[in-house]
1. With respect to the numbered conditions (1) part of a helix (DSSP H, G or I); (2) hydrophobic (A, V, I, L, M, F, W, C); (3) within 28 Å of Phe124 (Cβ to Cβ), which one is the sole condition not fulfilled by Ala211?
2. Taking the criterion of being modelled with pLDDT of 95 or more and closer than 26 Å to Ser311 by Cβ, would at least one residue in the range 339-347 satisfy it?
3. Within the range 79-90, identify whether any single residue is more than 30 Å from Ala140 (Cα to Cα) and crowded, with 16+ Cβ neighbours inside 10 Å, and answer yes or no.
4. Of the residues Val238, Val170, Val161, Val256, only one is in a helix (DSSP H, G or I), in the same structural domain as Met383 (by the TED database) and surrounded by fewer than 23 Cβ atoms within 10 Å (Cβ to Cβ); which?
5. Select from the range 327-379 the residues that are open to solvent by less than 60 Å² (accessible area, probe 1.4 Å) and among the charged types (D, E, K, R) and list them in ascending order.
6. Out of everything in the range 267-291 that is without any contact (Cβ under 8 Å) to a residue 24 or more places away in the chain and part of a helix (DSSP H, G or I), what residue ends up being nearest to the ligand (Cβ to nearest atom)?
7. Would you mind finding the one in Tyr68, Tyr14 that is within 28 Å of Asp217 (Cα to Cα), touching a helix residue (DSSP H, G or I) at 6+ places or on another chain (Cβ under 7 Å) and surrounded by 12 or more Cβ atoms within 10 Å (Cβ to Cβ)?
8. Given the residues Ser49, Ser54, which is the only one that is hydroxyl-bearing (Ser, Thr, Tyr) and crowded, with 16+ Cβ neighbours inside 10 Å?
Amino acid sequence: MSKTATIEIDGKRYEFPIIKGSENEEAIDIKKLRDLTGIITLDPGYKNSGSCTSKITFLDGELGILRYRGYSIEDLAEKADFLEVSFLLIFGELPTAAQLEQFEVDIRKYTLVNEEMKSIIDGFPRTAHPMGVLAALTSALTAFNPKSVNVDNDKEMYQAVCKTMGKFLVIATWTYRKSMGYPLNYYDNTKGYVENFMDLMFKLPTEPYKANPIVIDALDKLFILHADHEQNCSTSTVRMVGSSHAGLFASISAGVSALWGPLHGGANQAVLEMLEEIHKNGGDTDAYMAKAKDKEDPFRLMGFGHRVYKSFDPRAQIIKKAANEVLETLGVDDPILAIAKKLEAAALEDEYFKSRNLYPNVDFYSGIIYRALGIPTDMFTVMFAIGRLPGWIAQWKEMRENKEPIGRPRQVYTGANLRDFKKPE
Ligand code: CMC
């Protein structure tokens, strides 16, 4: 017999089904709660609330497990490449060699961004944060691609996926080129996706450029590690915006804005700024540990803690190893890495951090790699966005294909009761 949960209100009992996921996660299905009882649940920050069922990503925060479509993140980071993982996330299965090649070819068809987009970029000051510019440019893509995708038409959906993958990469790098005052580069259809990222970012018209293959490999892995993370803040935003049947670009633009915050993707920039500050102030990690624990001080140890992971973040473990390897291979001796390791060691021994299950998260080491690869600090969150793009697309597609209703939470009103209108004297 299937399990149920009983809620008793004013002596009346109501029974609700408990649904079980494929990894035995259980949830009380309260869809009929308000209809039956007249009351709602309250869960700010959705710490206990599932917003959907999903077949895309599984994570177990207690055991530190992360899987895309059933494949472990460790396996994917080691054996797959970013476009392969993107295809897997979006379409549900690993591509065959022929499908993967076709996917690359099809993405290339859409890598040219409308020249008029350049006048939009010109309107931004050079000092604008790349994430703000990226959100605006992604949104602007709707103006050049006004037709909304028919999600029930596989061909149309596939084209929309390729278009988004192609154009987003280009405009993401343009945000950097703009900030540097460099001419905007075009995608080179003879090269791979991640190699193109490097060219788009760093190639200058005045000299030849060839990205280091070690850097390309490291970036590919970082993108895979960021590619999806089930119902996090930006992904939920993408699903929420898309649930009103807003278009894919508009939904992703909202996701970019959500990702920008320092408690989410913006943490990778904040981590590096924090490490640099500690370095500048003489490397006293103890002082910063004390600040993080002081309840009067708003400072948090950036790159620590996670809403879901309560033992370790498997992505952080892979990234830590990659950071060591990349810095060694490139011959970079970065004092920031030593500070990060000291901070991590101290936190892992510290009662405050231990009792609250605060472990390094994905952002703690990623910035150190980006820095070693020559990516400027305020582009770190853009890097996260490029990596997360296939996840956003996959989640948006799933939400529409599942015909989910418009997202519209309720609230418990705690404001003033009805009062007479009287102008203040
Ligand atoms: N430094 C110091 N104390 C912390 C930290 C931290 N980084 N993170 C959480 N705490 C404390 C917090 O003060 C609270 O203490 P108390 O119980 O005494 O009030 C307790 O730990 C629980 O924190 P919370 O804010 O209720 O936990 P949450 O699940 O709402 O927040 C988080 C998760 C990631 C927002 C938070 O840990 C944080 O702000 N971390 C720093 C920012 C960061 O690294 N963000 C990247 C997240 S991973 C990448 C991504 O998915 O975007």
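1. Unmet for Ala211, out of (1) part of a helix (DSSP H, G or I); (2) hydrophobic (A, V, I, L, M, F, W, C); (3) within 28 Å of Phe124 (Cβ to Cβ): (1).
2. Of the range 339-347, the ones modelled with pLDDT of 95 or more are none.
No: the range 339-347 contains no residue that is modelled with pLDDT of 95 or more and closer than 26 Å to Ser311 by Cβ.
3. Within the range 79-90 (the criterion being more than 30 Å from Ala140 (Cα to Cα) and crowded, with 16+ Cβ neighbours inside 10 Å), the answer is yes, since at least one residue qualifies.
4. Working: Val238 fails: surrounded by fewer than 23 Cβ atoms within 10 Å (Cβ to Cβ); Val161 fails: surrounded by fewer than 23 Cβ atoms within 10 Å (Cβ to Cβ); Val256 fails: surrounded by fewer than 23 Cβ atoms within 10 Å (Cβ to Cβ).
Unique residue meeting the criteria: Val170.
5. Within the range 327-379, Asp334, Glu344, Asp350, Asp363, Asp378 meet the criteria.
6. So in the range 267-291, the residues without any contact (Cβ under 8 Å) to a residue 24 or more places away in the chain come out as 277, 280-282, 284, 287, 290-291.
Okay, now just the ones that are also part of a helix (DSSP H, G or I), so 277, 280, 287, 290-291.
Working: Glu277: 15, Lys280: 20, Ala287: 14, Ala290: 11, Lys291: 9 Å.
Ranking the qualifying residues of the range 267-291, first place goes to Lys291.
7. Details: Tyr14 fails: within 28 Å of Asp217 (Cα to Cα).
Exactly one of Tyr68, Tyr14 is within 28 Å of Asp217 (Cα to Cα), touching a helix residue (DSSP H, G or I) at 6+ places or on another chain (Cβ under 7 Å) and surrounded by 12 or more Cβ atoms within 10 Å (Cβ to Cβ), namely Tyr68.
8. Ser54
The values are calculated or read from the model by the stated rules, or taken from the named source; none is laboratory data. Source: prediction; values computed, not measured. Glycine gets a Cβ as well: all are built from the backbone with ideal geometry, and neighbour counts include every protein chain shown. We work out accessible area using only protein heavy atoms, side chains counted, and drop any ligands, DNA or RNA first. Shrake-Rupley method; radii C 1.70, N 1.55, O 1.52, S 1.80 Å.
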